[in-house]
Each structure stands twice: as structure tokens, then as C-alpha cells.
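This report refers to the structure that appears directly beneath it.
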Amino acid sequence: MLESDVYRRMIQAREKMSKSHKKIANYLIEHHETAPFLTASKLAKNVQVGEATVIRFAFFLNYKGYPDLQRHLQKALQRKMTSAEVLARTTDENEMTENVVTEVLSDDIQNLKETLNQVDSAVFEQIVHELIHAKRIYIIAYRSAANVGGFLEFYLDLVLQNTEMIRQADGVSEHLLDLSEEDLVIGLGFSRYTKRTVEVLKYAKQRSAKTVVITDHLLSPLVPYADHKMIAATEINSFIDSFSAPMSVISALITALTRTEHKKVEKRLEELEGLWETFDVFYD
């Protein structure tokens, strides 16, 4: 495990490291089974250096940021930790509960920054183009990612009337029977990834449908089946994922879509307002 590329980089670069960077490298090597699941802020606290130092350490090793380094550290373990193992390895029994909200919100801020740094505006615009021109849009998002997918489905179908999220894993084949190159399949998946999401994206590529992937890392198994991909950081110091960044990416896509098609969307919303009033949908 310690012979993997990420650890070789640390060992080979040790002589060029600052004192703080050496402390980080030593901690990562000595705690190679637990450290890969710590956020930048938690790692910084454990090593007793600044969070910015941890982030600079990742760039020093020629990674694209701390999440990139973290995923390579996790991959070096050769297996995925179970949820129970991640919980045990990221929980400090002596830590005060009152500090959790500050810690988690700070990690979310860092996730948003990391995500923003990875955004390719040309790819973003191309995805918006695909959304506008797709005949049908299918969303594939299972387990916890289903909540993010449901948000995307609600607003896309509200303005485009051609979007469906396939909720029943066993019913995928019936829904995608007529999938064609005119359609768009959006796959959302975050570690730990579901096999069904990967299988559906693979099938979509076989049917020549366009594919968009929103995931948490370039090492995600969804990435090879993406025509276009957006990476959103999800790491917090817990066994759960944070979806602040993926939700922001989706909000940006919906906003860009509605601004591009504002006349069409405005007419649609005006018609909907009349229906909402007729059926007394909202509380006054």
C-alpha cells in the first residue's frame, strides 16, 4: 500500500519539504488507514498546522487540491471503507458537539472553493446546451444522491417538460427502452458509488445518447462514461457526504438554462402561476 504513487511522491519529495510539510507527510504515512478520511481542517488540527498549509501540501505534491490528494490516499487502501469504519475513523469521542456546526460549515465552504476552482466554463456551457436541445432527459441518481437528483428533476421538468428521474432501479430497462442519440442521460454519483448508476451510463453510451456526469472526483467510476463531467467536492469529517457543492452546481445549471431560454421559461411560469392560483397551491 505504501508503495503506491501517492506515498512515493511524499518519500521522494521529503528532502524538499518545509518543516510543516514534513509533519503532514509523516502523519499521513503513520496513520495511512485513518488519515485518508479526514477533511483538510481535521488533518490540519491533528498535525497542528494551518489548513492552508495542508492545501499547499497537496499542490506541492502536484495534486489539483486536497480532495484530489485525499482520493488518491483512499485509493491506496485498495478497498472502500464501510460506513461504520469511516464513522469510527473520523470521530473524536472527546470533541465537543457544540463545535460540529462550525466544523461542518467550514468544510462546506472549502468544498465550494475546491469545486469552483475545478469548474471549466466551456464544459459548463456545453452542458447547458445539451439540456436545452435534448429530446428527453433522464436522471440517474440512487441512494443519498437521489435527493440531489430529485431537486434537478423538479426544476428541469418544470421549465422543459421533458425530464424524468428513474427512481426504481429494477425498472430502468423499461424507461430506457427507446433511448436514442437525441436524449440526454445525467448521472449523479458520489463515493460510495452504486453499480446501477455505472451500468446505466454504460448502456447510455452504447445507445449513443449524450451523457453528463456530476460526481466527486476524476477517479469516480462514472467519469469514463461521461461526454461532459463536473466535479463537486463532497468531503466532510463524517461518514455522510456533503451535498452543498453538488447542489450549487445544479443550481447554477438551472439558472444558466433559464437565463438562456428566458422568454420560453417566462411564458411557462406565467401559465403555471395561473394554474397554481386555480388549485390554491401556495399558502397566502
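The values are calculated or read from the model by the stated rules, or taken from the named source; none is laboratory data. Note that the structure is a prediction, hence the values are computed from the model and not measured. Neighbour counts are summed over all protein chains in view; Cβ atoms, including those assigned to glycine, are modelled from backbone coordinates with ideal geometry. Accessible surface areas use protein heavy atoms only, side chains included; no ligands, DNA or RNA. Shrake-Rupley method; radii C 1.70, N 1.55, O 1.52, S 1.80 Å.
Things to note:
- Selected residue [at pLDDT 90 or above, within 26 Å of L43 (Cα to Cα) and open to solvent by 10 Å² or more (accessible area, probe 1.4 Å)] from I240, I254, I231: I231
- Test: residue in the range 210-219 that is out of contact with any helix residue (DSSP H, G or I) (no Cβ under 8 Å at 6 or more places or on another chain) and either in contact (Cβ under 8 Å) with a residue 12 or more places away in the chain or open to solvent by 10 Å² or more (accessible area, probe 1.4 Å) (or both): no
- Hits in the range 199-228 (condition: outside any strand (DSSP E or B), modelled with pLDDT of 90 or more and among the polar types (S, T, N, Q)): Q206, S208
- Qualifying residue in the range 127-149 (condition: open to solvent by less than 20 Å² (accessible area, probe 1.4 Å), touching a Phe, Trp or Tyr at 6+ places or on another chain (Cβ under 7 Å) and either over 24 Å from L253 (Cβ atoms) or at pLDDT below 90 (or both)): no
- Annotation note: of E85, E33, E51, E95, the sole residue that is at pLDDT below 85, touching a helix residue (DSSP H, G or I) at 6+ places or on another chain (Cβ under 8 Å) and among the charged types (D, E, K, R) is E33.
- Flag if L112 is open to solvent by 20 Å² or more (accessible area, probe 1.4 Å), of a type outside the set (S, T, N, Q), modelled with pLDDT under 95 and part of a helix (DSSP H, G or I): yes
- Entirely in the range 18-80, the helices (runs of 4 or more DSSP H) that have 1 or more residues that are of a type in the set (F, W, Y): 19-30, 51-60, 66-75
- In the set (1) on the phi > 0 side of the Ramachandran plot; (2) at pLDDT below 90, the condition left unmet by N62 is number (2).
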